[in-house]
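S.K.: First, the structure itself, so that you have it in front of you.
The values are calculated or read from the model by the stated rules, or taken from the named source; none is laboratory data. This one's a predicted model, so the numbers in the text were calculated from it and none came from an experiment. Cβ sites come from the backbone with ideal geometry, for glycine too, and all protein chains shown count toward neighbours.
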Amino acid sequence: MNVVERAEQLTRERIAQRAGDYDVAGANPVESWRDLWREGLLAGTIPTGYGGLGLDMATYVAVIRAVARGCASTAMTVHMHSTVMRFIDALGTGAQKRRYFDEVVRDGKLFGSWGSEPAVSLSRTLLMETVIRQDSAGYVVDGVKHFCTMALGASYYMVWCALDGGTDMAKSLQLALVPANTPGITTDGKWDTLGMRATFSPSVTFTGVRVPGDGMLGDPGAAIRGGIIESFALGYAAVYLGIAESALAFAMDYAKKRVVRPENIAVAADPTVQRHVGELAAQLDAAGLVVADSAARWDAADVLERGPLANRAKYMTTEVGLHVTSKVIQIVGGRGAYKDYPAERAFRDLRTCTLMPPTVDRMLEAIGKSALGLDASMFNVS
């Protein structure tokens, strides 16, 4: 059994069974994280030399897509953690890699990535108001972050900061790895959202938070130069696709089993339902091909090529995913709105997680620029 098949089996047998409960509770999917750790999947993007799986992008995307079919929040949190592992691999020192990778492989520790801020739209420009400054004892972080995924759940957070309050992110953007139990990190714990409830992403305030000696990750500005930041969007696309696939799978199973009177035939026998299912299946096939192609070309692509690859995958899965999850509710009918049915959760999760940057307008702008031979960077750097 290969790694994708293992992820599919684990998702089907265990992760999917818990998804509804975690959604209702609005709680981190801790048990699902532990299951993935035991299968080695929390170390999916850690190189084999450090005990990880060293997955290529195509295999990694297939794993995230499989997990998303069972629990969108688990897939999203693991994707963010896995992307932090990519940043550590690309920017970390040898000592940082040995330390942090070992904690993931041996203990199953998770890493979050906190970049969003209340006054800054990341769809327009990559600008940080959270400040990291140097003093006689090291470095200190002050600021406020929004949508802090895995708050109270991860062991470390990769915090996106502006060095010395600088505004030119090409020179002052600094990543800091901060242990979750560091004094000065506070949150009101408010996370009552439409969907993706089990990502548990409240706002967090940093007040005089000290960064440990080995916590500075890479040089200022390095985070936007290595082609890693673009992988966030490609993983999002895999999550969106998995959610929509699970919704359509449920609708088809429901249509085949649901018998209506007076004809006493299954809903699936209705030609109108057949046309709807055919439309959605074709659209998902098309989106899946785009995601798979982008992932297959990723590892050999340079930094400039990765932005367009990620944008087209995220754009396609956003548009198709929103349509599919909405149409599934219509196919199922009134029962599709019941919280006992996974179609309702898929609809809420897809609508929520597709709000993550870059937006559809920003993606189309970048795709158009790429087609015209212009600068198609995923984020403007201010």
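S.K.: Of everything in the range 94-148, what is within 30 Å of Gly44 (Cα to Cα), aliphatic (A, V, I, L, M) and surrounded by fewer than 15 Cβ atoms within 10 Å (Cβ to Cβ)? Give them in sequence order.
M.R.: Of everything in the range 94-148, just one residue is within 30 Å of Gly44 (Cα to Cα), aliphatic (A, V, I, L, M) and surrounded by fewer than 15 Cβ atoms within 10 Å (Cβ to Cβ), namely Ala95.
S.K.: Do we find that Tyr254 is farther than 14 Å from Ala68 by Cβ and either surrounded by fewer than 21 Cβ atoms within 10 Å (Cβ to Cβ) or out of contact with any Lys or Arg (no Cβ under 6 Å at 6 or more places or on another chain) (or both) in this structure?
M.R.: yes
S.K.: Looking only at the range 334-347, decide whether some residue is more than 25 Å from Leu289 (Cα to Cα) and hydroxyl-bearing (Ser, Thr, Tyr).
M.R.: yes
S.K.: Which residues, counting only those in the range 258-299, are under 23 Å from Val63 (Cα atoms) and either among the aromatic types (Phe, Trp, Tyr) or surrounded by fewer than 18 Cβ atoms within 10 Å (Cβ to Cβ) (or both)?
M.R.: Across the range 258-299, the qualifying residues are Ala281, Ala282, Asp285, Ala286, Leu289, Ala292, Asp293, Ala296, Arg297, Trp298, Asp299.
S.K.: Hey, does the range 70-80 have a residue that's in contact with a Gly (Cβ under 7 Å, 6 or more places away or on another chain), modelled with pLDDT of 95 or more and not small (Gly, Ala, Ser)?
M.R.: Within the range 70-80, one or more residues are in contact with a Gly (Cβ under 7 Å, 6 or more places away or on another chain), modelled with pLDDT of 95 or more and not small (Gly, Ala, Ser).
S.K.: What helices (runs of 4 or more DSSP H) completely inside the range 30-136 contain at least 1 residues that are without any contact (Cβ under 8 Å) to a residue 24 or more places away in the chain?
M.R.: 30-38, 94-107
S.K.: Every residue in the range 4-29 that is in a helix (DSSP H, G or I) and among the polar types (S, T, N, Q), please.
M.R.: Once the filter is applied, which keeps residues that are in a helix (DSSP H, G or I) and among the polar types (S, T, N, Q), the range 4-29 yields Gln9, Thr11, Gln17.
S.K.: In the range 300-345, which residue that is among the aromatic types (Phe, Trp, Tyr) and crowded, with 16+ Cβ neighbours inside 10 Å is nearest to Ala255 (Cα to Cα)?
M.R.: Of everything passing the filter in the range 300-345, Tyr341 is nearest to Ala255 (Cα to Cα).
S.K.: Being in a loop (DSSP other than H, G, I, E, B), at pLDDT 95 or above and under 13 Å from Val141 (Cα atoms) is the filter here; which residues of the range 154-193 pass it?
M.R.: Within the range 154-193, Thr182, Pro183, Gly184 qualify.
S.K.: Please tell me if Gly221 is surrounded by fewer than 18 Cβ atoms within 10 Å (Cβ to Cβ), small (Gly, Ala, Ser), touching a residue at least 12 places away in the same chain (Cβ under 8 Å) and in contact with a strand residue (DSSP E or B) (Cβ under 6 Å, 6 or more places away or on another chain).
M.R.: yes
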